[in-house]
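Undergrad: Sharing a structure, written as C-alpha cells. Questions coming.
Only the coordinates and a few stated rules stand behind these numbers; no lab work does. In this text the structure is predicted, and so the values were computed from the model without any measurement. Positions of Cβ are generated from backbone atoms using ideal geometry, with glycine treated the same way; all protein chains shown enter the neighbour counts.
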Amino acid sequence: MSSTGVQYKKKGWLIQMSPEKQDTLLKMLILSMAAILSFSTRLFSVLRFESVIHEFDPYFNYRTTRFLAEEGFYSFHNWFDDRAWYPLGRIIGGTIYPGLMITSATIYRVLRFLNIPIDVRNVCVFLAPLFSSLTTIVTYLLTKELKDAGSGLVAAAMISIVPGYISRSVAGSYDNEGIAIFCMLLTYYLWIKAVKSGTIYWGALCAIAYFYMVSSWGGYVFLINLIPLHVIALMITGRFSHRIYIAYSTVYCLGTMLSMQISFVGFQPVQSSEHMAALGVFGLCQLHAFVDYVRSRLPKEHFEVLFKTVIFLTAGLSALVGGVLTVTGKISPWTGRFYSLLDPSYAKNNIPIIASVSEHQPTSWSSFYFDLQLLVFMFPVGLYFCFSKLTDANIFIILYGVTSIYFAGVMVRLMLVLAPVMCILAGIGVSSMMTTYAKQLDVSQQDRKTKRFESNFFMKSEVAWTFLTVMMALLVTYTFHCTWVTSEAYSSPSIVLSARSHDGSRIIFDDFREAYYWLRQNTPEDAKVMSWWDYGYQITAMANRTILVDNNTWNNTHISRVGQAMASSEEKAYEIMRELDVDYVLVIFGGLTGYSSDDINKFLWMVRIGGSTDRGRHIKEQDYYTPSGEFRIDREGSPILLNCLMYKMCYYRFGSVYTEAGKPPGYDRVRNAEIGNKDFELDVLEEAYTTEHWLVRIYKVKKLPNRGV
Amino acid sequence: MEIAYSLPFAVLEIPNLKLKRPSWLHQPSAMVMYSLVLASYFLVCGGIIYDVIVEPPSIGSTVDEHGHSKPVAFMPYRVNGQYIMEGLASSFLFTIGGLGFVVLDQTHNPSTPRLNRILLISVGFVCILVSFFTCWVFMRMKLPGYLQ
C-alpha cells in the first residue's frame, strides 16, 4: 500500500520466464509459423480456380480412394478393374502402393466418426499440404539430430517454401510423392536416432516408418540402398560399432519382413538386384561384428590366419553363388526404370516409353536454380561444415546429399528427393555461419576504440553486421523467389486452363471436363473409348467409361497397337479399331486455342512407339517427315502424315475456321502454319462432339455396313 | 584346419614374391573428399548429364534481319533446356558462391595477419555477392518474365 522506499518495477511477462522456457516458446512459435506457411503457400490453385484434382495420375489415385472409402479394405485389396486396358483388365489390388489411399480413407473415416462431413475429394485435395506441414516438423527434428536446434529451425523454414517440393505437393496434386517425402524423412530421422542410441526400440520404430514408406512410393528403393551405403561408409572410415550393428540388423530384418506385406512388393526384397545391396551389407555386418568378437578373443597370429581364410572363402563363395543366381535368372536384373538412373542413355536407346515422359528428362542448370535458388549456393557450405566435424550422423547426410544430387541431375522428377537434403544442409550452413558472426557482434559501447587496435581483427563488429545483413537479404530474396515460382509455375491444375484475352479479362478453358461429362451422359455404359495413354486415368475417373490404355503404361504392346491405329490411314485403323471393339475415339487438339500439349505435338511419340513392335513394322518415322526431314502439317507435309487417322480427327472441319486475324482459314496456332489437307470427309468415323474451344474432339466409330459392298 | 590349409600347396608352388602395400596409399582426408564432392557438384549442376543425352550445341545461334548469324548464349523461354556453355558458367557461379562462404569461415582465426584477413574477407564477400547477382541476371535473360 504505502511505499516503504522499495522501488517495484513490473517486469514484462516475457522476461519473467526462464531462458529455457523462452527458448521453447520461440521454437514452438517458429515451427508453427513454418507449418502454417507451408500449408497456405500450396493453396494458390484452390483460391484461383476451385478445389479440384490436378493432372493425370492423381485422378487414378482419387478413383481408387473413392472405391476404398465406399467398398472397404478387402474389396479394395482384391479389386480387378475391367474398365481399363480393355480387353486385358488390370489387377489394381496387387499393382499399386496403397499407402496414400489408406491414409486418405482413414482420415475420411475419422472425420466422419467425429461428425465432420468432409467429402472424399476435399480430403484428397488437401492431403498433400497437410503432410507438407508434418514434413516441416520432421525436418526440424532430423536437422536437430544432425547439428543443433538452430539449424533445425532454419531448415524447417526453408523446406516449408522450397519450390522443388511444392511442385509435387500443391493442393490438388494427389500423388504418392505428397506423403512419400514425409515418410522418407521420418524413416531417416528414426534411423539417425537408432544409429546414435543403438537400441532395438529406435530400430523397430525405424522399421515401422520404413514400412509406411514402402507402402506409399516406389522410390523406397532409394532408402533401402542409402542406408546400407551409410553402413558401408561407416565401416570404411572405421566407425563401425555395436550401435550400428544393432541398428542395421533390426532395421533390415523387421523392415524387409514388413515391406513384403505389400502385395506389389511381394518377394522382390529377396529376388531383385535393387535389394541385393541391403542383403549383402546385412551379411557383411554379421561378419564384421563376428570378426571383431573373435579378434578380441584369439591371440594375434592365430587370428591372422583365420581371418585371411574366412575372407577368401566368403568372397569366393558369394561371388560364385551370386553369379549362378544371376545367370539362372533367380535374381532378376535391375528393372528399366531404375537401370536408366545408373545408365542414363539406356532409356533413350531402348525403351521409348520411358524416354518420352517429360519428367524423366535430365536436368539443366536452370531447373536447379529455379527449384532451389539460394539453396544451390548454401549446399557446399553445409557440406563443408559436415566434413569439418565428421560424426556418424553427418556421414549419412553427406551420402544422402551426394547421391541425390546425382539422381536429380539424371531425372528432373527426382529434384523432389534433392529438395529436403538441400534444405537440411543449407540450414546447417546458414545457422553455423550466422552463429559464428553473431558472437562477434559488439553490442556494448564501452572501450571500442582501444579494443579495436589491440588485436589484429579488422573491424570485427562491422564485418559481422555486414555479413548478417547480406545473409538476411539473401533469405528475403529466397522467399520472394519461392512465392513467385509457386504462384506462376506450379499452381496450374492442368485440367482447367486460363488465359488473358486482349482486353485483359480472363478466359477459362474447361473443355476437358466438358468432354468427359458429355461422354458420361451421352454414351452407353459399356462403350469403349480409345485415346492416347495420357488421358486414360482422367477418362475412367470422370467419364466412367472403359478405356484401352492408360498412364500405368504396363503393356507396351497394347499401347503400340493404339499408336499404330492413330498413325495409319483410315482403312487400316478401322481394322485395328474393330479388333479392339472401340466405340469412341478421343483426341486433344490445340490448334484453335494455341494449347501446345496436344496430340499433334505428341504424334511423333505415337509413331515411334507404334513402330517399335512386331505388328507395327510398316510404320516408319521417316515416312511422316518431309523429304528435307521436317515435321510439317501444311501443304509441304508428307502425304502419309496428311492422311493418317490422327491428322484427320484433329483437323476435320478445321479448314473452314478462321483462327487469327489476317491469316487464312485453317491456320493452326500451335504449329503456326495453314493446314495442308483441308476439305476431306471421314469414311469410318463420324463426329460425335467437339468442345467449345475445340480442345477435345470425340468421334464415334461407324458400324460395319449391313450388306457387303 | 592345418590339413585344409596345406592342401592347395601339395599342387601349387609358392613363387618368390615380395609384395608390399605402396606407402603412398592411405585413406584420404576429409577435406580431400570434400573437394572431390565439390567437383562432382560442379559437373552435375552444370547439366553434364543433360549434355550427354540431349547433345545440345555449345552456343546457340539465330539469324538477325540482315541475314548474319548471331550467337545466342541462353536457350530462351525454357527452364528445362540449356546450351553447354551456359550450364557450365552457371554451375561455376554456384560453386564460387559456396566457396565464398567457406572463405569467410576461415577468417576467424586470431593468428592470421591483418592484411591477409582483410583480403580474405573482401574476397569472400565479392564471391558471394557477384555470383548471386550474376545468377539472378542469367535467370532473367533466360526467362524474360522472371519475377514480374
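Undergrad: What FRET efficiency comes out for the pair B:L19/A:L317, r = Cβ-Cβ distance, R0 = 35 Å, nearest 0.05?
TA: The formula returns an efficiency of 0.90 here.
Undergrad: Further, regarding this structure: About its Cα centre, how strong a charge dipole does the range A:517-623 have in debye, to the nearest 20, once Lys and Arg get +1 and Asp and Glu get -1 at the Cβ?
TA: Dipole magnitude for the range A:517-623 comes out near 180 debye.
Undergrad: Could you give me the percent of Cα pairs per 5 Å distance bin for the range A:155-279, shortest bin first, beginning at zero and ending with the bin that holds the maximum distance?
TA: All Cα pairs, binned at 5 Å, distribute as 2, 11, 19, 22, 18, 13, 10, 4, 1, 0 percent.
Undergrad: When the Cα atoms of the range A:529-656 are enclosed in a convex hull and the volume is divided per residue, what value in Å³ results?
TA: 116
Undergrad: On a 0 to 90° scale, report how tilted helix A:511-522 is relative to the longest principal axis of chain A, with both axes built from alpha carbons and the result rounded to the nearest 10.
TA: So the inclination is approximately 60 degrees.
Undergrad: Also, quick follow-up: Distance between Cα centroids, the range A:467-482 to the range B:82-148: provide it in whole Å.
TA: The range A:467-482 and the range B:82-148 have Cα centres spaced 14 Å from each other.
Undergrad: Provide, as a two-decimal number, the C-alpha radius of gyration of chain A over 2.2 N^0.38 Å, N being how many residues it has.
TA: Output field value: 1.14.
Undergrad: What share of Cα pairs, in percent, lie more than 16 angstrom apart in the range A:644-709?
TA: 53
Undergrad: So if I restrict to the alpha-carbon atoms in chain B, what is the Rg, and what is Dmax, the biggest pairwise distance, in Å?
TA: Rg then Dmax for chain B, in Å: 26.7, 90.
Undergrad: Could I ask something else about it? Once Rh is set to the Kirkwood radius over Cα pairs, what Stokes-Einstein translational diffusion coefficient, in µm²/s, holds for the range A:618-669 at a temperature of 10 °C and a viscosity of 1.306 mPa s?
TA: 131
Undergrad: Under the Karplus relation 6.51 cos²θ - 1.76 cosθ + 1.60, θ = phi - 60°, what is the ordered set of whole-Hz ³J(HN,Hα) values for the range A:135-150, x standing for Gly and Pro?
TA: 4, 4, 5, 5, 4, 4, 5, 5, 5, 5, 5, 7, 10, 7, 5, x
Undergrad: Mind scanning A:K439/A:K460; A:K308/A:K330; A:K620/A:K703 and naming the pairs with a C-alpha gap bigger than 22 Å?
TA: A:K308/A:K330; A:K620/A:K703
Undergrad: Short version: ³J(HN,Hα) in whole Hz for each residue of the range A:269-274, in order, from phi by Karplus 6.51 cos²θ - 1.76 cosθ + 1.60 (θ = phi - 60°), x for Gly and Pro, what are they?
TA: Going residue by residue, I get x, 10, 10, 9, 5, 5 Hz, with x marking Gly and Pro.
Undergrad: Charges at C-beta only: +1 for Lys and Arg, -1 for Asp and Glu. How large is the resulting dipole of the protein assembly as shown about its Cα centre, in Debye rounded to 20?
TA: 2760
Undergrad: Taking only Cα atoms, what is the 0 to 90° angle, nearest 10, from helix A:570-579's long axis to the longest principal axis of chain A?
TA: 70
Undergrad: Treating cross-link reach as a plain straight distance, find the aspartates and glutamates whose alpha-carbon is under 15 Å from the alpha-carbon of B:K142, omitting any fewer than eight places away in the same chain.
TA: A:D371, B:E86
Undergrad: To continue, here is another question. Under 16 Å Cα to Cα from A:K144, which aspartates and glutamates show up? Leave out anything in the same chain fewer than 8 places away.
TA: A:D23, A:D392
Undergrad: Under the rule of at least 5 residues apart or a separate chain, name every residue whose amide H is placed under 5 Å from the amide H of B:Y83.
TA: B:M75
Undergrad: Still on this model: Amide H of A:S263: which non-local residues (sequence gap of 5 or more, or other chain) have their own amide H closer than 5 Å, using H built in the peptide plane?
TA: Under 5 Å from the amide H of A:S263 lies no amide H from a residue far enough along the sequence or on another chain.
Undergrad: Now, a different point. With unit charges on the beta carbon (Lys/Arg positive, Asp/Glu negative), name the residue among A:V162, A:L306, A:N122 whose Cα is farthest towards the positive pole of the charge dipole of chain A.
TA: Checked the options; the winner is A:L306.
Undergrad: If you take the charge dipole of the protein assembly as shown about its Cα centre, with +1 on Lys and Arg Cβ and -1 on Asp and Glu Cβ, which of B:V37, A:H288, A:S597 is farthest toward its positive end?
TA: A:H288
Undergrad: Can you list which of the DSSP-assigned H helices in chain B have a Cα extent of 30 Å or more along the long axis and an average Kyte-Doolittle score of at least 0.5?
TA: Result, helices passing both filters: B:84-105, B:114-142.
Undergrad: As a check on your grasp of the helix formula, calculate [θ] at 222 nm for the protein assembly as shown: sum -39500 (n - 2.57) over DSSP H runs of n ≥ 4, divide by the residue count, round to the nearest 500.
TA: The helix-only estimate for the protein assembly as shown comes to -18500 deg cm²/dmol at 222 nm.
Undergrad: Each residue of the range A:21-36 in turn: what ³J(HN,Hα) in whole Hz from Karplus with 6.51, -1.76, 1.60 and θ = phi - 60°, glycine and Pro shown as x?
TA: Each residue of the range A:21-36 in turn: 5, 4, 4, 5, 5, 4, 5, 5, 5, 5, 5, 5, 5, 5, 5, 5 Hz.
Undergrad: Let me ask another. So how far, in whole Å, is the C-alpha centre of the range A:133-179 from the one of the range A:545-610?
TA: Between the Cα centres of the range A:133-179 and the range A:545-610 lies a distance of 40 Å.
Undergrad: Name the long-range amide H neighbours of A:E674: under 5 Å, sequence gap of 5 or more, or other chain; modelled H, no Pro or chain starts.
TA: Amide H neighbours of A:E674: A:D668.
Undergrad: Let me ask another. Restricting the calculation to Cα positions, tell me the Rg (one decimal) and the Dmax (whole number) of the range A:502-546 in Å.
TA: Taking only Cα atoms of the range A:502-546, I get Rg and Dmax of 13.5, 45 Å.
Undergrad: Also, I was wondering about something else. Could you calculate the FRET efficiency of A:F303 with A:Y201 from 1/(1 + (r/R0)^6), where r is the beta carbon distance between them and R0 is 45 Å, rounded to 0.05?
TA: After rounding, the FRET efficiency stands at 0.85.
Undergrad: Could you work out how far helix A:276-295 tilts from the main Cα principal axis of chain A, as a 0 to 90 degree angle to the nearest 10?
TA: Taking the Cα atoms of chain A, the angle to A:276-295 is about 20 degrees.
Undergrad: Moving to a separate point now. Set Lys and Arg Cβ to +1 and Asp and Glu Cβ to -1, take the dipole of the protein assembly as shown about its Cα centre, and tell me which of B:Y5, A:A438, B:V103 lies farthest positive.
TA: Sorting the options by dipole projection puts first A:A438.
Undergrad: Report the normalised scattering of the range A:169-219 as log10 I(q)/I(0) at q = 0.20, 0.25, 0.32 Å⁻¹, calculated by the Debye formula with identical scatterers on the alpha carbons.
TA: Results for the range A:169-219 at q = 0.20, 0.25, 0.32 Å⁻¹ read -0.64, -0.83, -1.10.
Undergrad: Let me ask something else. Between B:L12 and B:V126, what is 0.36 nm times their sequence separation minus the Cα-Cα distance? Round to one decimal in nm.
TA: Here the segment from B:L12 to B:V126 would lengthen by 34.3 nm.
Undergrad: Taking 20 Å as the cut-off for C-alpha to C-alpha distance, list the pairs among A:K663/B:K70; A:K147/A:K193; A:K21/A:K389; A:K27/A:K389 that go past it.
TA: Table pairs above 20 Å Cα-Cα are A:K663/B:K70; A:K21/A:K389; A:K27/A:K389.
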